[in-house]
Amino acid sequence: MTRVSFDVNGEPHQLELDTRTTLLDALREHLHLTGTKKGCDHGQCGACTVIVDGRRINSCLTLAVMHQGNEITTIEGLGSPEQLHPMQAAFVKHDGYQCGYCTPGQICSAVAVLDEIRAGIPSHVTADLIAPVRLSNAELRERMSGNICRCGAYSNIAEAIGEVAGRSA
Amino acid sequence: MRTFSYERAASPDAAAAAAGQATNAKFIAGGTNLLDLMKLEIETPAHLIDVNGLALDRIDATADGGLRIGALVRNTDLAADGRVRRDYAVLSRALLAGASGQLRNKATTAGNLLQRTRCPYFYDTNLPCNKRKPGSGCAAIGGFSRQHAVIGASEACIATHPSDMAVAMRALDAVIETVRPDGATRTIPIAELHRLPGDHPEVETTLAPGELITAVVLPKPVGGAQAYRKVRDRASYAFALVSVAAIVQPDGSGRVALGGVAHKPWRVEAAEAELPRGAKAVTARLLADARPTRDNAFKLPLAERTLSAVLREARA
Ligand SMILES: Cc1cc2nc3c(=O)[nH]c(=O)nc-3n(C[C@H](O)[C@H](O)[C@H](O)COP(=O)(O)OP(=O)(O)OC[C@H]3O[C@@H](n4cnc5c(N)ncnc54)[C@H](O)[C@@H]3O)c2cc1C
Ligand code: SF4
Ligand code: FES
Ligand code: FES
């Protein structure tokens, strides 16, 4: 067992965990924050996406004990049912899901994607590596490729993100 | 997953020394390959040495105009670095063609180089695999070998190295810096880092036990038109079937390295003399000793066509 402390959605937590516990299992099984989902448990689907110190990662492929002192944001921390995050509201408006299983990961990823574009991080489809990155549908789609939706709600997901991106651009 | 003890290393020397002392220890960086394999009990370290706190996350200019990339620099940060985008575009392009945004945020320079093969039989613990279990045989030979190597393979293993980044680094003549458990440091040209499988596919690199990668050094920029083209089964978030890293100079000379075809990034310097004569001449030389299987013979014409497209783009 190893002790680790980190903040989740602004609240400090101290846990004593088996070293094998992934960040995903610590969130779901120990902190009972079940919004973050386990799809593949192998980095292949994006359902477990959370934001750690401002960056999106797959919480299934990292150990909880490796996050000493980090600030973690999960879907529960982005907004609440009474006060939705604009990205959550856009997913509702555009029907960006069917079963909803991939949705928390999609939304955490999408929020981070817009930050990455603002920070000027290029992507595979960025034509010019030197010029500032320009927002486009192709950019959003490429950057969201790490989030698989088994229901195939992609077009509505893309519309939801596009709307928020348009507003914040 | 098997149980393991865990420590956070305080310095590169201490990390290497700890790896030398503990039995069956492994470094963990981004964890995106190691943990995946530990869950399947393909990797079963008894001790993990977390190297994330080692302050090896900087990219510094070197005295001769190149760049020293710390072993812990994340793939996202390396691809986004202004100097890399301007002077080593083939590296940015290769990184951005790999994995997903989430994975690149975690994946590190050293971890990416040392990631293990994606051979499906290596992952399937019910089947024989000389890499996973030396001496057990190779299920890919005579099995479904569409993704496998067409050159440099052996009777023991026909796996490929899956990294995109390493292919670009091979074209750029990168040099690996390391420290060993006894504190000795050395440099390894990237051409000599990865091994061909031979009789020991389980030994993938020339690193000694407990040897820690501290940095990857890029020589001063070589200019030219730089491109990385990756062919895969879907447009994003998939490993390469074939990839080409190329640097083409205005006078028609240049460098070419291939991914997806061998147990290491594949480059034959002598083949580059053929560049002025076009893609067919280069790949004929580069893949002269190829021995594809029935399932992956398509990689030979695919490599030629991919290079052809890259050359056309570079000369446009
Ligand atoms: C779904 C999925 C898709 C992917 N797609 C691609 C792709 O298209 N292209 C591609 O190139 N890659 C792809 N990857 C692989 C990804 O790039 C690697 O997992 C990642 O680069 C490994 O880096 P890491 O820091 O997480 O390594 P870790 O998992 O931490 O470590 C990997 C290995 O390196 C060793 N190691 C780490 N740091 C050091 C060091 N400093 N010195 C010595 N040894 C060290 C570890 O002991 C371990 O053996 C994909 C991965 C996944 C899960
Ligand atoms: S090709 Fe190599 S990795 Fe794949 S099954 Fe054969 S020995 Fe194992
Ligand atoms: S559960 Fe983490 S990527 Fe699928
Ligand atoms: S909404 Fe069902 S998996 Fe995406």
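The values are calculated or read from the model by the stated rules, or taken from the named source; none is laboratory data. Please read these numbers as outputs of a predicted model, since none were measured by experiment. A quick note on method: Cβ atoms are made from the backbone with ideal geometry, for glycine too, and the neighbour counts reach across all protein chains shown. Only protein heavy atoms, including side chains, enter the accessible area calculation; ligands, DNA and RNA are left aside. Shrake-Rupley method; radii C 1.70, N 1.55, O 1.52, S 1.80 Å.
For region B:1-78, what is the relative contact order in percent, using Cα pairs closer than 8 Å and at least 6 residues apart in sequence? All intermediate terms of the calculation are to be shown ahead of the outcome.
Details: 112 pairs, mean separation 26.3, N = 78.
The value is 34 percent.
What number comes out for the charge environment of B:A309, summing +1 per Lys or Arg and -1 per Asp or Glu over other residues with Cβ under 12 Å away?
On the way: positive: B:R229, B:K230, B:R305, B:R312, B:R315; negative: B:E304, B:E313.
Surrounding charge for B:A309 is +3.
Could you please put B:Y237, A:Y97 in sequence from largest to smallest accessible area, using a 1.4 Å probe?
Working: B:Y237 20, A:Y97 70 Å².
Largest to smallest exposure gives the sequence A:Y97, B:Y237.
For B:A273 and B:A235 in one chain, what is 0.36 nm times their gap in residues minus the Cα-Cα distance, to one decimal in nm?
On the way: separation 38, 0.36 × 38 = 13.68 nm, distance 3.20 nm.
Between B:A273 and B:A235, full extension yields 10.5 nm more.
Just reorder A:H13, B:H263 by solvent-accessible area, largest first, 1.4 Å probe, all chains present. Walk me through the intermediate numbers first.
Details: A:H13 50, B:H263 10 Å².
Heavy-atom accessible area, descending, gives A:H13, B:H263.
Could you tell me which residue out of B:T44, B:T206, B:L34 lies farthest along the dipole of chain B toward its positive end? Charges go on the beta carbon: Lys and Arg +1, Asp and Glu -1, centred on the Cα centre.
Toward the positive end, the furthest listed residue is B:L34.
If you take the Cα Rg of region B:113-216 and divide it by 2.2 N^0.38 Å, with N the number of residues, what do you get?
Details: Rg = 14.8 Å, N = 104, 2.2 N^0.38 = 12.8 Å.
Taking N as the residue count of region B:113-216, the ratio is 1.15.
Taking every residue in A:145-152, how many Cβ atoms of other protein chains lie within 10 Å of its Cβ, on average?
The shielding value for this peptide is 3.
Put B:K299, B:K280, B:K264 in order of accessible area, largest first, 1.4 Å probe: what do you get?
On the way: B:K299 0, B:K280 140, B:K264 40 Å².
Solvent-accessible surface, decreasing: B:K280, B:K264, B:K299.
Near A:K93, which lysines are there with a Cα under 23 Å away, not counting those fewer than 8 places off in the same chain?
A:K37
Which aspartates and glutamates, if any, have their Cα less than 15 Å from the Cα of B:K131, not counting same-chain residues under 8 positions apart?
B:E41, B:E43, B:E155, B:D199, B:E202, B:E204
Give me the percent of the accessible area of the protein assembly as shown that comes from carbon and sulfur atoms, probe 1.4 Å, all protein chains in place. Working shown, then result.
Details: 10030 of 20030 Å².
Looking at the protein assembly as shown in its full context, I get 50 percent from C and S.
Can you give me the orientation-averaged projected area of the convex hull built on the Cα atoms of chain B, in nm²?
Numbers: hull surface 62.3 nm².
Projected area, direction-averaged: 15.6 nm².
If you wrap a convex hull around the Cα atoms of the protein assembly as shown, how much volume per residue is inside, in Å³? Working shown, then result.
Values: hull volume 70.7 nm³, N = 485.
Per residue, the Cα convex hull of the protein assembly as shown comes to 146 Å³.
So for region A:86-165, taking the charge dipole from beta-carbon charges (+1 Lys/Arg, -1 Asp/Glu), which of A:T103, A:A90, A:T126 sits furthest toward the positive end?
Highest projection toward the positive end goes to A:T103.
Over the heavy atoms of B:F239, what accessible area does a 1.4 Å probe trace out, to the nearest 10 Å²?
90 Å²
Using only protein heavy atoms and a 1.4 Å probe, report how much of A:C45 is accessible, in Å² to the nearest 10.
About 20 Å², rounded to the nearest 10.
Need one number: buried accessible surface between chains B and A, 1.4 Å probe, both sides summed, DNA, RNA and ligands left out, in Å² to 100. Present the calculation step by step, with values, prior to reporting the outcome.
Values: alone 14160 and 9140 Å², together 20030 Å².
What B and A bury together is about 3300 Å².
Mind pulling the per residue volume of the convex hull built on the Cα atoms of region A:2-78? Å³ is fine. Walk me through the numbers before you get to the answer.
Working: hull volume 5.8 nm³, N = 77.
Once divided by residue count, the hull of region A:2-78 is 75 Å³.
In nm, give the distance between the simple-model label positions of B:A281 and A:L135, each being 7 Å from the Cα along the Cα-to-Cβ direction.
Label at B:A281, label at A:L135, 4.9 nm between them.
Name the residues of region B:50-90, by number, that are at least 40 Å² less accessible with every protein chain in place than in the isolated chain; the surface is that of heavy atoms, probe 1.4 Å, without ligands or nucleic acids.
So the qualifying set is B:R85.
Over region B:273-316, average the accessible area per residue using a 1.4 Å probe and give it in Å², no decimals. Kindly include the intermediate steps, with their values, before the conclusion.
Details: 2570 Å² over 44 residues.
Normalised by residue count, the accessible surface of region B:273-316 is 58 Å².
For region B:5-52, what is the Kirkwood hydrodynamic radius in Å, using each pair of distinct C-alpha atoms? Provide the component values of the computation, followed by the final result.
Values: mean 1/r = 0.0926 Å⁻¹.
Evaluated on region B:5-52, it is 10.8 Å.
Only counting protein heavy atoms at a 1.4 Å probe, give the residues of region B:96-129, ordered by number, whose accessible area falls by 50 Å² or more when the other protein chains are present relative to the chain alone.
Checking the loss per residue gives B:L96, B:Q102, B:N105, B:K106.
Please give the solvent-accessible surface of B:R83 in Å², to the nearest 10, using a probe radius of 1.4 Å with every protein chain present.
80 Å²
Nearest 20 debye, what's the magnitude of the dipole of region B:154-310 about its Cα centre given +1 on Lys and Arg Cβ and -1 on Asp and Glu Cβ?
On the way: 19 positive and 18 negative charges, 123 e Å.
The calculation lands at about 600 debye.
Assigning unit charges at the beta carbon (Lys, Arg +1; Asp, Glu -1) and nothing else, what dipole magnitude in debye, to the nearest 20, does the protein assembly as shown show about its Cα centre? If you can, show how the numbers build up before the last one.
Values: 54 positive and 51 negative charges, 282 e Å.
Dipole size: approximately 1360 debye.
Let me test this: with uniform point scatterers at the alpha carbons of region A:69-169, what is the Debye-based log₁₀ I(q)/I(0) at q = 0.11 1/Å?
-0.33
What does the helix-only formula give at 222 nm for chain A: each DSSP H stretch with n ≥ 4 adding -39500 (n - 2.57), the total divided by the residues, and the result rounded to the nearest 500 deg cm²/dmol?
Details: 5 runs with 51 residues, N = 169.
Only helices count here, giving -9000 deg cm²/dmol.
For region A:3-127, what's the relative contact order in percent, using C-alpha pairs closer than 8 Å and at least 6 residues apart?
Details: 193 pairs, mean separation 35.3, N = 125.
Reported as a whole number, the value is 28 percent.
Using a Förster distance of 41 angstrom, determine the FRET efficiency expected from the C-beta separation of B:S5 and A:C99, and round it to 0.05.
On the way: r = 40 Å, r/R0 = 0.97.
Computed FRET efficiency for B:S5 and A:C99 comes out at 0.55.
Are any of the pairs B:K264/B:K299; B:K39/B:K264; B:K39/B:K230; B:K230/B:K280; B:K106/B:K264 more than 20 Å apart by Cα-Cα distance, and if so, which? It would help to have the intermediate numbers written out before the result.
Details: B:K264/B:K299 16 Å; B:K39/B:K264 25 Å; B:K39/B:K230 29 Å; B:K230/B:K280 18 Å; B:K106/B:K264 23 Å.
Listed pairs above 20 Å: B:K39/B:K264; B:K39/B:K230; B:K106/B:K264.
Return the ratio Rg/(2.2 N^0.38 Å) for chain A, where Rg is computed over Cα atoms only. Please list the in-between numbers first.
Details: Rg = 16.1 Å, N = 169, 2.2 N^0.38 = 15.5 Å.
Dividing the Cα Rg of chain A by 2.2 N^0.38 Å gives 1.04.
Can you compute the helix-only [θ] at 222 nm over chain B? Use -39500 (n - 2.57) per DSSP H run of at least 4 residues, normalise by all residues, nearest 500 deg cm²/dmol.
Calculated at 222 nm, the ellipticity per residue is -7000 deg cm²/dmol.
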